[in-house]
Amino acid sequence: MKKKTPEGTGYHFKGKIWVFNGPTPWYFVTLPQKIAAEIRLFHGSLQKNFGTIRVTASVGKTTWKTSVFRDTKSDSYVLPLKAEIRKKENLTAGKTLQVSLAIAGG
């Protein structure tokens, strides 16, 4: 679902936390296809290196500035969840969570 926020265009969705097991594990939530397509359509011009778009993300009571990354494998964007955020919100792999995103400058 899309709505206007003071920070820009906002999106709200549920997503499941998954782990990329590289030398250092990274935790992500993949955006739903419909939202990713809308972001590409309306905000694709904001993409930076590696297809990143700056956002303000909120999970639970925690809000932070970050970027979503283009993921060609899922044809979507992924939101990274830093250790600090996971600790504050008690987030673990496999957990489904409610996410709010505001596109910076959107």
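The values are calculated or read from the model by the stated rules, or taken from the named source; none is laboratory data. From a predicted model like this one, the values you see are computed outputs, not experimental measurements. Here the Cβ positions follow ideal geometry from the backbone for every residue, glycine too, while neighbour counts run over all protein chains shown.
For residue 51, are the conditions met, namely being at pLDDT below 95, on the phi > 0 side of the Ramachandran plot and buried (at least 16 other Cβ atoms within 10 Å of the Cβ)? Before you say what the answer is, go through the steps one by one.
On the way: at pLDDT below 95: yes; on the phi > 0 side of the Ramachandran plot: yes; buried (at least 16 other Cβ atoms within 10 Å of the Cβ): no.
In short, no.
Return the residues of region 68-101 that are under 16 Å from residue 38 (Cα atoms) and of a type in the set (Ser, Thr, Tyr); say none if nothing qualifies.
72, 74, 76, 77, 100, listed by residue number.
What are the residue pairs meeting all of these: first residue in region 75-99, first residue among the small types (Gly, Ala, Ser), second residue surrounded by 15 or more Cβ atoms within 10 Å (Cβ to Cβ) and at pLDDT below 95, Cβ atoms under 7 Å, and 6 or more apart or on different chains?
76/36
Return the residue satisfying two criteria in turn: it lies in region 54-79 and is closer than 11 Å to residue 30 by Cβ and among the polar types (S, T, N, Q), and of such residues it is surrounded by the fewest Cβ atoms within 10 Å (Cβ to Cβ).
Within region 54-79, the match that is surrounded by the fewest Cβ atoms within 10 Å (Cβ to Cβ) is 74.
Would you mention how many residues in region 17-41 are modelled with pLDDT under 95 and hydroxyl-bearing (Ser, Thr, Tyr)?
Residues flagged as modelled with pLDDT under 95 and hydroxyl-bearing (Ser, Thr, Tyr) within region 17-41 amount to 1.
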